[in-house]
1. With viscosity set to 1.306 mPa s at 10 °C, what whole-number translational diffusion coefficient in µm²/s follows for the chain from Stokes-Einstein and a Kirkwood radius over Cα pairs?
2. Tell me, what is a quarter of the convex hull surface for the C-alpha atoms of region 1-95, in nm² with one decimal?
3. If you take the alpha carbon radius of gyration of region 312-381 and divide it by 2.2 N^0.38 Å, what ratio comes out, to two decimals?
4. Over the chain, with every protein chain in place, what whole percent of the accessible area is carbon and sulfur at 1.4 Å, could you tell me?
5. What residues qualify as long-range amide H neighbours of LEU500, i.e. H under 5 Å apart, gap of 5 or more or another chain, H built at 1.01 Å from N?
6. How much accessible area per residue does region 379-512 have, counting only protein heavy atoms and a probe of 1.4 Å, in square angstrom?
7. If you count the DSSP beta bridges with both ends in the chain, what percent of them are antiparallel, to the nearest 5?
8. Along the charge dipole of the chain, pointing to its positive end and built from +1/-1 on Cβ of Lys, Arg, Asp and Glu, which listed residue (ILE468, TYR146, PHE393) has its Cα farthest out?
Amino acid sequence: MYRQQRLEAFSSNLCFLVSVNVAIATLLVLSGIYSDIGTDKLVWLMGIYLACMVRLSVHFFVPNNNPYKLDFHFMGVLLAAVAWASFPYLFHGEFGLREKAITIIIFCGMSGGSATLLAADIRSAIAFTSITVFPYSFVLVSADNYDERVIGVMSIGYGVALCLSSLRSCKFIMSSISDRLKVDSLVKSLEHEVESRTEKITLLEQKDSVTGLLNRTSFLAMVKSLQEAHPCEAPECRRAMIYIHISKFQLLCSNYGHGYGDYVLNVIGKRLLNIDERYNTIASKWNGSGFILYFPHGNNVSITRFIENIDHLLSREVQYLSLITTPSFHYGFYELGGEMTLSNAVNNAYLSMLEGKKKNIKIYSFDQGLKDKLQWQEELHAKMTTVINTDDFYMVYQPIVDVTTNNVSGFEALIRWELDGKFVSPDDFIPIAEQHGLIFSIGKLVLRSSLQTLHEINQHLPHISMSINVSVIQFENEHFLDHLRKLLSEFDVRVENIHLEVTETAMIRDLEKLSYVMSEIKKMGVKISIDDFGTGFSSIAVLKSLNVDYIKIDKTYIDDICHDEKDRSIVSALTKMSHAIDVKVIAEGVEEQSQKALLSGYDVDFYQGYLFSKPVQKDDAFTLLGIKPDDASAVVNSGW
Ligand code: C2E
Ligand code: CA
Ligand code: CA
């Protein structure tokens with residue numbers, strides 16, 4: 001056991017031991033303590049030197065990894081011991097009592113030292129003592145002379161004590177070796193632990209924990225260093241940032257839980273790592289449901305074709321226990337070139353994906369059209385901040401009509417913006433206002449203006465309602481409820497005539513928060529409409545739990561209702577289910593009499609559209625209701 005360590009301990013004492021051997025043997029022969037120095041003693045001395053040289057040769061020339069090295073040392077010890085033991089036998093006849101006593105004392109002294117110094121190899125320690133001390137002691141014990149017998153008995157006793165002491169030293173050495181090994185292995189395992197933790201921390205810093213892909217920072221750093229190492233100079237060299245968006249990921253999480261969402265992200269992360277390996281791309285996790293892929297290849301490879309290929313790999317089924325889903329994706333890409341920073345390139349890829357999503361195009365490239373559009377949006381944003389409180393913004397009102405009686409039951413308030421004499425669609429500027437936080441100021445103006453109009457109308461016709469569009473960003477604002485309460489106390493209107501319209505897509509943002517705000521709104525007595533119903537993914541169960549009052553079936557279902565059987569059955573089923581939970585139904589964008597006739601057959605409650613009226617100015621809305629201009633002028637004027 002512990003052969004290597006024992007060898008180390010043994011070897012560490014060897015040179016000292018050999019030196020002591022040489023010194024004592026030389027003194028023994030040359031010091032004159034024995035009566036004469038004969039040739040035979042010098043020959044013996046040479047024998048000791050030879051034994052010492054053999055031992056040193058083993059020490060220096062036999063490699064430490066030789067499994068027999070300790071055995072060779074043992075043989076060296078045996079040789080030395082026999083050489084020493086031969087001394088009294090060879091010269092015993094010449095010794096008087098003094099020489100005999102000196103010899104046994106020197107032997108006992110040497111064995112005393114060796115008992116400890118050789119203890120790493122117990123065979124050697126015991127053999128050296130036994131061979132040097134015991135035989136000569138027995139010779140003395142068997143002598144006729146009483147003094148010699150006493151010396152012999154004493155040296156036997158001393159020899160036994162030395163053997164016992166060697167055993168104890170050996171035990172001590174073994175336990176020291178074992179302790180040292182334990183400490184060594186503890187230090188090693190600590191070092192390993194520190195190494196693996198450092199590795200984990202580095203990984204955490206560089207990688208996304210759910211997907212195992214690079215995070216944003218390390219991705220950008222890696223792409224930058226790659227670009228510096230391989231600049232793209234040839235004219236045909238093409239590189240691209242590709243934004244990959246998992247469609248309807250929020251819905252997936254709300255339906256099956258965030259744990260499942262993480263599982264899907266993890267699977268897609270693995271697929272992207274395979275793609276990295278296969279195509280030399282660099283993938284990273286960018287945000288909740290978005291990934292970025294850096295495509296570094298040149299040589300006229302079509303990026304669109306490449307994306308089609310990877311879409312094949314990414315859109316394979318994802319199975320989790322018995323649940324099987326098939327992810328689908330939208331891709332936006334930006335071809336790198338010029339002075340564009342990497343973050344801007346990623347942003348352009350992201351905007352391309354958004355544009356593609358809006359236009360229902362799976363793979364969308366950042367082109368001149370999108371560039372112009374973004375520039376125009378920038379201009380709109382800059383203009384919007386300067387004109388927000390002016391007459392450039394105003395409200396128009398579109399009647400909501402009872403399908404059965406064809407009477408106006410209310411209006412939807414719609415904002416208008418005239419920029420340098422040209423009309424800008426709210427579809428274009430509302431998203432910009434939302435993006436830059438201007439929607440709060442716009443929303444306040446819309447609410448105030450619409451409530452003012454409702455107040456004026458209700459003074460004549462108390463049953464007419466006003467539907468007001470509220471952006472989900474407004475809903476999520478912590479001051480929204482307080483602001484609404486304040487307006488309700490300010491305007492003398494029937495609260496049940498106020499309908500707040502929130503789009504169905506808002507429900508996939510933060511349903512919990514939305515349901516809290518909605519319940520507070522309902523407590524005030526205000527009604528809730530779900531706008532653009534059918535474009536989001538909410539279920540009738542969600543409508544029931546949110547306690548909504550109206551759904552507005554999106555225009556896309558009405559457009560083709562006369563020709564598309566599927567649209568007809570959707571509208572009919574939605575109406576039936578809504579009625580079952582006490583929710584009234586409004587059809588949007590009705591332009592044809594034939595559409596209205598069908599809606600009437602499906603028991604749709606209200607409709608809104610160009611068939612009855614386009615959105616009109618406030619005065620025209622009054623005229624539509626039969627309120628005379630004189631009556632209307634009695635109340636506050638139009639505009640904000
Ligand atoms: P929306 O709430 O779905 O409004 C209905 C849109 O359809 C209006 O467009 C309206 O003019 C149009 N429309 C109504 N009937 C017909 C029809 O028969 N045929 C056609 N082709 N269109 C019809 P508009 O006013 O351009 O508004 C677009 C969107 O802008 C609105 O969609 C709404 O989401 C948003 N919006 C408008 N005003 C406001 C507002 O004051 N606040 C907020 N947050 N959003 C608003
Ligand atoms: Ca609306
Ligand atoms: Ca709508």
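The values are calculated or read from the model by the stated rules, or taken from the named source; none is laboratory data. Nothing here was measured: the structure is a model prediction, and the numbers come from that model. All Cβ positions, glycine included, derive from the backbone under ideal geometry; neighbour counts span all protein chains shown. Please note that ligands, DNA and RNA were not included when accessible areas were found on the heavy atoms of the full protein model with its side chains. Shrake-Rupley method; radii C 1.70, N 1.55, O 1.52, S 1.80 Å.
1. Working: Rh = 33.9 Å.
D, rounded to a whole number, is 47 µm²/s.
2. That works out to 6.4 nm².
3. Working: Rg = 15.8 Å, N = 70, 2.2 N^0.38 = 11.1 Å.
Scaled against compact globular proteins, the figure is 1.43.
4. The C+S portion of the solvent-accessible surface of the chain is 56 percent.
5. HN-HN under 5 Å from LEU500: ILE468, LYS527, ILE528, SER529.
6. On the way: 5810 Å² over 134 residues.
Result: 43 Å² of accessible area for each residue.
7. Given both bridge residues lie in the chain, the antiparallel proportion sits at roughly 60 percent.
8. Towards the positive end, the residue furthest out is TYR146.
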